[in-house]
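Taking it in order: structure first as structure tokens, then the write-up.
The values are calculated or read from the model by the stated rules, or taken from the named source; none is laboratory data. Just so it is clear, the structure is predicted and the values come from calculations on it, not from any experiment. Heavy atoms of the whole protein, side chains included, go into the accessibility calculation; ligands, DNA and RNA do not. Shrake-Rupley method; radii C 1.70, N 1.55, O 1.52, S 1.80 Å.
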Amino acid sequence: MNIQFIDRETGELKTETPPGEGFLKLLYNNPFGKMMLIPLVKRKFLSSLYGKLMDKPSSINKIEGFVKDLNIDMEEAERAMEDYISFNDFFYRKLKHGARPIKEGLVSPGDGKLLAFEDISQVHDFFVKGRKFNLKEFLSDDKLALKFKNSSLLILRLAPNDYHRYHFPFDGIPSSMTKIKGDYLSVSPYALASNFTKVFCENKREYCILETPNKGDILIAPVGATMVGSIIETYSANETVKKGDEMGYFAFGGSTIVLLVGKDHFSIDQDIINNTKNKQETFVKMGDQIGI
């Protein structure tokens with residue numbers, strides 16, 4: 001199975017092949033895999049155990065092969081490959097200053113593949129590569145769902161080879177994080193293409209509200225997935241932030257960032273909307289304009 005996406009920078013249609021392909025196929029596309037492995041993989045202890053292994057000094061042996069297999073550009077990284085003390089230390093690496101220029105308007109909070117829906121009230125249930133959820137289920141808060149019921153929804157999916165720090169998409173004052181209880185399921189392309197429902201509701205997730213000066217409130221929700229178990233915040237709540245300031249990072253694994261923005265305040269870029277309507281994700285980088 002091939003997962004295709006549009007590279008926004010080049011306009012090319014590209015194919016994604018995730019690492020661990022054989023295991024992911026068994027887990028999400030094989031009835032035996034679904035029956036026997038899903039209950040185990042959803043458990044927090046497995047994600048925590050794998051995360052701890054990636055923190056061990058011996059895990060540095062995985063870095064070189066990972067970089068080579070996934071064609072990661074280490075010229076962007078703040079440190080050289082041999083300077084990391086564990087795989088996780090490398091995985092949530094920082095980039096050099098200026099590696100991600102911050103554009104005008106609403107910007108992408110991270111590197112990844114983006115889907116966008118102009119008005120969630122017109123869609124009701126959201127299908128993302130075969131997965132379905134609604135706003136109340138995702139937020140687990142009826143009042144908050146009512147507040148954002150007419151918003152635009154953006155879903156940014158990070159692959160393991162992507163830069164795994166995420167940033168604020170606009171200027172404002174962020175609230176503290178609200179944690180929502182959940183299990184850990186993969187957001188890999190194979191998981192997203194299977195028939196499991198409510199994937200984003202079952203994943204560990206949390207959100208903050210970014211109060212902007214004149215563009216309403218923006219909800220930012222990082223989602224943790226299989227083999228991650230860690231969403232690490234690096235910002236200070238209730239202090240003014242600038243667009244592009246770091247918000248946090250994910251430890252090892254594929255992860256997702258969900259944005260809810262007022263459609264009366266921001267117009268999502270049409271190419272992203274069109275690609276979503278054509279069932280294509282759009283690859284963007286942190287700081288790229290995604291709305292005006």
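Close amide H partners of residue 248, meaning residues 5 or more places away or on another chain with modelled amide H under 5 Å apart, are 166, 234.
Database remark: amide H of residue 290 closer than 5 angstrom to the amide H of 106, 107, 108 (H placed geometrically; neighbours at sequence offset of 5 or more, or on other chains; Pro and chain starts carry no H). The listed residues 107, 123, once ranked by accessible area (1.4 Å probe) with the largest placed first, stand as 123, 107. Derived scalar couplings between HN and Hα for region 146-161 equal 5, 4, 9, 5, 10, 7, 8, 10, 10, 10, 9, 9, 8, 8, x, 7 Hz in order, rounded to whole Hz, by the Karplus curve 6.51 cos²θ - 1.76 cosθ + 1.60 (θ = phi - 60°), x for Gly and Pro.
To put it simply, the accessible area of region 208-292 at a 1.4 Å probe is 42 percent carbon and sulfur. Taking amide hydrogens as placed 1.01 Å from N in the peptide plane, the amide H of residue 256 sits under 5 Å from those of 158, 223, each at least 5 positions away in sequence or on another chain.
Here the 3J(HN,Hα) profile of region 104-111, calculated from phi with Karplus coefficients 6.51, -1.76 and 1.60 at θ = phi - 60°, is 6, x, 7, 10, 5, x, x, 7 Hz, Gly and Pro shown as x. Taking a ≥ b ≥ c as the square roots of the eigenvalues of the Cα gyration tensor, region 230-292 is oblate, since a/c reaches 1.5 or more and a/b is not larger than b/c.
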